[in-house]
1. So which of E131, E104 ends up being of a type in the set (D, E) and in contact with a Leu (Cβ under 7 Å, 6 or more places away or on another chain)?
2. Among the residues of the stretch 44-57, which ones are basic (K, R) and either touching a strand residue (DSSP E or B) at 6+ places or on another chain (Cβ under 9 Å) or open to solvent by less than 40 Å² (accessible area, probe 1.4 Å) (or both)?
3. I'd like to know if the stretch 95-111 contains one or more residues that are farther than 23 Å from S126 by Cβ, of a type in the set (D, E, K, R) and within 17 Å of the chain's Cα centre (by Cα).
4. Please enumerate the residues belonging to the stretch 44-61 that are within 15 Å of the chain's Cα centre (by Cα) and part of a loop (DSSP other than H, G, I, E, B).
5. Working only within the stretch 12-43, note down all residues that are within 11 Å of the chain's Cα centre (by Cα) and open to solvent by 30 Å² or more (accessible area, probe 1.4 Å).
6. Take S117 and decide whether it is without any contact (Cβ under 8 Å) to a residue 40 or more places away in the chain, hydroxyl-bearing (S, T, Y) and not in a helix (DSSP H, G or I).
7. Only one residue in E155, E104, E78 is open to solvent by 60 Å² or more (accessible area, probe 1.4 Å), among the acidic types (D, E), touching a helix residue (DSSP H, G or I) at 6+ places or on another chain (Cβ under 9 Å) and more than 17 Å from G45 (Cα to Cα), so which one is that?
Amino acid sequence: MVITMNLRKLIDIALCGGIALKEVESEAANLYAWTTAELDLLYVGKAASKKRIEDEKHWVQLDHTRQICSGIVPLLKENQAELHPLCYEHQRFAPRRMLATIQEGGWSGPSIAKTLSRLGDGPAPSVEEVEQVMVRIAVRTGSLIGNAQFASQWEGPIGTFVDTVAALAVDAARSDQIVSSGVPIRPNEDGS
């Protein structure tokens, strides 16, 4: 069975990394996700402008069987994708759970030291970094995702701030029993 990431679980896992995401109207979005009707994550992006979301809404209407289009078109069309505008506010970043995970799990090493330094005196993650963290959470849970940028399965992202935050958020989510290894990451039966 293929493991997919449910949007609700992604939001819960991101919160374990101190990143609060909420669904909003398109006009208020700075991030977005495309999902299936069952909320399985297909793609995440940064809503740098309203035009970006409007362009992608248009692309999902294109006929990729009659013209050559970018890969996002068949991904969205074949999966009957639904758009979910999201908002991240850097002033709401609260890494307490992530810091507790470092302590409880005995995490150490250069990437942890670099992350602790950033959390101690650096800025909260930017919207661009949160987009990357969202992609890395999918990767760190073994879930499929349609993003190409930031989704490397190899060594490149290891040690980066965004990959470390994603790894810690996933570890915290496993400790909190939000996710577990080898089990599809879907919402609970009550929808949460």
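The values are calculated or read from the model by the stated rules, or taken from the named source; none is laboratory data. On a predicted model such as this, the values are computed, not experimentally measured, just so you know. All Cβ positions, even for glycine, are placed from backbone atoms using ideal geometry, and neighbour counts span all protein chains on display. The protein model used for the area step is the full one, side chains on, heavy atoms only, and it has no ligands, DNA or RNA in it. Shrake-Rupley method; radii C 1.70, N 1.55, O 1.52, S 1.80 Å.
1. Criteria check complete, one pass: E131.
2. Listed by number, the residues that qualify are K46, R52, K57.
3. no
4. A47
5. Those that are within 11 Å of the chain's Cα centre (by Cα) and open to solvent by 30 Å² or more (accessible area, probe 1.4 Å): D12, L15, Y43.
6. In short, no.
7. E104
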